[in-house]
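J.: Before I ask anything, let me first share the structure, which is written out below as structure tokens.
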Amino acid sequence: MGTKTIENIEGQFEMFQILNENGEIVNKEAMPELSDEQLQELMHRMVYTRILDQRSISLNRQGRLGFYAPTAGQEASQLGSQYALDKEDWILPGYRDVPQIIWHGLPLYKAFLFSRGHFVGNQADGLNVLSPQIIIGAQITQTAGVALGLKKKGKKNVAITYTGDGGASQGDFYEGMNFAGAYAAPAIFVVQNNRFAISVPVEKQSAAKTIAQKAVAAGIQGVQVDGMDVLAVYKAVTDARERAINGEGPTLIETMTYRYGPHTMAGDDPTRYRSEDLDSEWEKKDPIVRFRKYLESKDLWNEEKENEVVAKAKEEIKAAIKKADGTPKQKVTDLISHMYEELPYNLREQYEQYSAKESK
């Protein structure tokens, strides 16, 4: 009896898709209402972000960036979801989700400074974003709190957060969803299932067939989406946002995606746990190639337009890294003074010692 119940639940979570691997519309009824200009803007953002990823990897290898988590392969999941938001919505990102807060308004040079661990990289004045969370899953409980705050203030906005499949194995994941569900808070929980967390296959993380079905236990909406299909991701988040601001509670969205690079640039070797055949299989699903085919069929995209985006991205990245390089270096006294409004006696002593050293 119990096994049949589980199978019935799992059968309800079929992957939602609009655009197939060949760039063909397979679900006309679900097609979002986007103008030609909006479709082009989505493509612009994905191409730009792919170049940003390539350049960031290069800068990391040169020692000019610090911590960096590659994003290639996840552009549709990241940017399709962000594009569905209102400027006043809140984004609580994980460490791989810097592109979303850049497109939400964070200056590119500050994204580079965040990678370097500089406090200026965490200053997002006037933007409804939090700093990328390094602790796996901690942003889930924080999002529940931000969303409840929005509800109590009567705001018609949502709080959206992102984690990977590994984050869905954390206690904070369940606690945050349960809290948000209990209070019908306007939250959207996006789990970008790139299949391996740091290195453990998703099949070994959970006995559940999908991550989306975990929404059932929290009493909230759950949907699994083709995370390589930018239109499907956009539509799923648009619908989730509409439900949230109408008081219908949070949604868990599992985007089926793939990171082409390592987990981070800090020594991870994906060849130790991923096969060439699997990499090749997912490369055929590339979100940019797929969307390019669709736009080209509508005469909305061509090689010239793409080259313009690539050139613009390279130019702006060059300017941003130069501005980051020109930012005054962080000092020990900066760390101390930014941590406390009033320094305890032991830190006052240390502050004075470091202040004397830095003034020489």
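J.: Of the numbered conditions (1) buried (at least 17 other Cβ atoms within 10 Å of the Cβ); (2) not in a helix (DSSP H, G or I), Gln12 satisfies every one except a single condition; which is it?
T.: Going through (1) buried (at least 17 other Cβ atoms within 10 Å of the Cβ); (2) not in a helix (DSSP H, G or I) one by one, Gln12 breaks only (1).
J.: Let me ask something else. Are any of the residues in region 70-80 in contact (Cβ under 8 Å) with a residue 24 or more places away in the chain, surrounded by fewer than 14 Cβ atoms within 10 Å (Cβ to Cβ) and in contact with a strand residue (DSSP E or B) (Cβ under 7 Å, 6 or more places away or on another chain)?
T.: Scanning region 70-80 turns up no residue that is in contact (Cβ under 8 Å) with a residue 24 or more places away in the chain, surrounded by fewer than 14 Cβ atoms within 10 Å (Cβ to Cβ) and in contact with a strand residue (DSSP E or B) (Cβ under 7 Å, 6 or more places away or on another chain).
J.: From Gly267, Gly222, Gly249, grab the single residue that is in the same structural domain as Ala30 (by TED's automatic domain parsing), part of a loop (DSSP other than H, G, I, E, B), modelled with pLDDT of 95 or more and among the small types (Gly, Ala, Ser).
T.: Only one candidate qualifies: Gly249.
J.: Still on this structure, please answer the following. Would you mind telling me which numbered condition in (1) within 16 Å of the chain's Cα centre (by Cα); (2) modelled with pLDDT under 95 Leu79 fails?
T.: (2)
J.: Tell me, yes or no, whether region 39-53 has at least one residue that is part of a helix (DSSP H, G or I) and hydroxyl-bearing (Ser, Thr, Tyr).
T.: yes
J.: Does Glu203 satisfy the condition of being of a type in the set (Asp, Glu), out of contact with any strand residue (DSSP E or B) (no Cβ under 9 Å at 6 or more places or on another chain), within 15 Å of Ala218 (Cβ to Cβ) and in the same structural domain as Ile220 (by TED's automatic domain parsing)?
T.: So Glu203 does not fit the description; no.
J.: May I ask you to list the residues in region 105-128 that are within 22 Å of Gln192 (Cβ to Cβ), buried (at least 20 other Cβ atoms within 10 Å of the Cβ) and of a type outside the set (Gly, Ala, Ser)?
T.: Correct list: Leu106, Phe114, Asn128.
J.: For Ala147, only one of the following conditions fails: (1) in a loop (DSSP other than H, G, I, E, B); (2) over 14 Å from the mean Cα position of the chain (by Cα); (3) among the small types (Gly, Ala, Ser). What is its number?
T.: (1)
J.: Another question, if that's okay. Among what's in region 175-215 and is touching a residue at least 60 places away in the same chain (Cβ under 8 Å) and part of a helix (DSSP H, G or I), pick the residue that is nearest to Ile253 (Cα to Cα).
T.: Ala212
The values are calculated or read from the model by the stated rules, or taken from the named source; none is laboratory data. From a predicted model like this one, the values you see are computed outputs, not experimental measurements. Reconstructed Cβ throughout: ideal geometry from the backbone, glycine too, with neighbour counts over all protein chains shown.
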